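> Dropping a structure here in structure tokens format, bear with me for questions.
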Amino acid sequence: MKQRRTRWYRSLTLRLLFIFWALLLVTAASGYLLAVWNKPKAELKPLEPEIYQILQPLLSDATTFLSLQPGRLIAGNYRVAAQLSVQGNEKLLMDEMLRVSHGSTLLRMLSQKSPQQIPLDERLLMGPFELDGNKILVTKPLGIEEQVDREQRERESTHARILTLLVGSGLLAVLLGIWLIRPIRRMTLAMREVAEGSATPELKRLPKRGDEIGELARALAQGAFDLATSRDAQRRLLSDVSHELRSPMARMQVALDLSDCSEDDPNWQQLRRDTERLSVIIERILSLSRLENGLVELNHESLDSGELVQQLIGDMCYQEPAVSERLVQEGSNWPVIDTDAELLRLVLENIVRNALHYTDGDVELSYDDYGDKCQIYIRDHGPGVDESTLDTLFVPFYRGDPARHHKAGVGLGLALSHRTAAVLGGELKASNHSEGGLEVVLDLPKSQPEQTE
């Protein structure tokens with residue numbers, strides 16, 4: 001299947017670059033607008049009586065009043081800010097500095113009906129003072145209390161702007177993070193579905209995207225389908241080949257039984273052992289295939305795990321009397337488990353046989369009861385296993401060093417036990433015991449829900 005490539009104009013890199021610059025622009029614009037919006041607003045207030053009493057006598061003489069020009073000191077720190085003369089042609093004069101920065105405020109003050117005051121930067125603007133239709137505005141430096149009040153308002157405004165910017169940028173960052181993380185989280189869940197064997201992981205609308213994320217989602221969907229197809233083909237091949245080999249092997253065993261060869265003939269004995277070994281291998285491959293394809297149905301029954309272990313030890317000792325002194329069952333009052341007896345025996349027998357084959361010491365079987373679940377321990381007293389190979393013990397066809405363990409099988413026993421434990425709703429784990437040897441732990445629920453169709 002030909003994969004659809006990402007167009008350059010749909011590239012995620014371009015989208016992220018655009019979003020980055022857009023966020024910068026939005027942040028800068030927001031900061032400017034908030035600075036303008038949150039700037040402390042100067043409010044008009046009635047002129048304080050003390051100030052009016054100081055200025056009114058100085059501004060009551062018409063000659064003096066008309067001679068006052070913008071920038072001229074009247075008394076103390078009082079200075080003329082603007083003058084509106086109606087003698088002859090109407091003429092408006094303003095202090096140049098104030099006209100540039102606060103011209104509109106000066107005009108608004110001149111239009112007031114009664115004297116007012118308003119703070120402008122570091123000064124206080126007062127007026128209009130009127131005489132015969134002529135008007136003037138006066139300024140003086142802000143007092144200490146007025147400066148403290150102004151600085152307090154500016155600090156509060158600055159804090160409000162900073163808080164607004166932080167909240168706004170944080171909200172934008174969260175939205176951007178969600179936009180980026182949600183597809184990654186969705187594909188992570190899809191990968192877990194693939195690991196569990198799903199051929200069609202849930203990717204929602206991700207494969208329809210035109211950017212690199214969509215391309216990755218499509219590749220993931222195709223890879224999951226190809227992996228499932230390959231896995232199913234491999235299982236069918238193992239099952240079919242093993243099935244086809246069963247009949248010839250059965251006929252070979254019958255032919256050996258009916259042959260005229262002496263049982264003391266070493267060639268006959270070797271052929272007999274090889275055919276029996278091949279039969280065991282074929283049966284294990286078929287069992288593994290049935291487990292992986294979900295063809296095994298659980299036969300629930302309440303059984304005493306201690307009696308099952310005791311029966312297993314007895315059967316193995318009957319087949320091989322030499323192992324009777326090596327198998328040890330520890331503890332009494334083993335838990336009663338609701339499970340499939342044959343499958344549980346299969347798990348334990350494979351683990352015990354593996355321990356007997358790879359070690360020459362005792363093999364101990366013990367348990368722990370945790371109420372709603374139990375653990376069965378199978379421990380040998382051999383040299384243990386290298387830590388780097390512990391995770392590969394349950395991989396099909398993995399074997400220990402055949403040069404050191406000539407009795408080792410083909411590496412299907414533990415793999416079969418691992419799959420069977422999963423069918424029983426449990427888990428199989430292996431670790432090196434602190435006092436030496438390998439310990440395999442079978443973690444099982446004491447009761448299981450019924451399988452649904």
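Where a number appears in this text, it was derived from the coordinates with a stated rule and is not lab data. Everything quoted here is computed from the prediction, not taken from an experiment. Virtual Cβ from ideal backbone geometry, glycine too; neighbours counted across all protein chains shown.
> Under 5 Å between amide hydrogens, which residues at least 5 positions from ARG123 or on another chain qualify, with H placed 1.01 Å from N in the peptide plane?
LEU142
> Answer with one residue from SER67, LEU106, PRO141: the one whose Cα lies farthest towards the positive end of the charge dipole of region 45-142, charges on Cβ with Lys, Arg +1 and Asp, Glu -1.
Positive-most Cα among the choices belongs to LEU106.
> Per residue of region 412-419, in order, report the coupling 6.51 cos²θ - 1.76 cosθ + 1.60 (Karplus, θ = phi - 60°) as ³J(HN,Hα) in whole Hz, putting x for Gly and Pro.
10, x, 5, 4, 5, 5, 5, 5
> Starting from region 330-402, pick out the chymotrypsin sites (Phe, Trp or Tyr not before Pro) whose DSSP state is loop and whose Cβ has at most 15 other Cβ atoms within 10 Å.
Of the chymotrypsin sites (Phe, Trp or Tyr not before Pro), the ones in loops of region 330-402 whose Cβ has at most 15 other Cβ atoms within 10 Å are TYR370, PHE397, TYR398.
> Identify the trypsin sites (Lys or Arg not before Pro) of region 40-99 meeting these criteria: DSSP loop state and at most 10 other C-beta atoms within 10 Å of the C-beta.
For trypsin sites (Lys or Arg not before Pro) across region 40-99 that sit outside H, G, I, E and B with at most 10 neighbouring Cβ atoms in 10 Å, the list reads LYS41.
> Further question: Any idea what log10 I(q)/I(0) is at q = 0.14, 0.15, 0.21 Å⁻¹ for region 301-445, Debye with uniform C-alpha scatterers and no solvent?
Summing over Cα pairs of region 301-445 leads to -0.63, -0.73, -1.49.
> How far apart, in nm, are the 7 Å Cα→Cβ label points at GLU301 and LEU245?
According to this spin-label approximation, the distance is 3.1 nm.
> Can you run phi through the Karplus equation (6.51, -1.76, 1.60; θ = phi - 60°) for region 305-313 and list ³J(HN,Hα) in whole Hz, with x for Gly and Pro?
Rounded to whole hertz, the list is 5, x, 5, 5, 5, 5, 5, 4, 4.
> Cα-Cα pairs above 29 Å in region 112-266: how many percent?
Summing the P(r) tail past 29 Å for region 112-266 gives 67 percent.
> Given contacts defined as C-alpha pairs under 8 Å and at least six residues apart, what's the relative contact order of region 301-445, whole-number percent?
24 percent
> Amide H neighbours of LYS373 under 5 Å, at least 5 residues apart or on other chains, H built in the peptide plane: list them.
For LYS373, the qualifying residues are LYS446.
> For GLU325 and GLN53, calculate 0.36 nm times their separation in residues minus their Cα-Cα distance, and state this gained length in nm to one decimal.
In short, 85.9 nm is gained.
> Here's something else I'd like to know. Using just the Cα positions, wrap region 45-142 in a convex hull and report its mean projected area in square nanometres, one decimal place.
Projected area, direction-averaged: 5.8 nm².
> Over all directions, what mean area does the Cα convex hull of region 163-255 project, stated in square nanometres?
8.5 nm²
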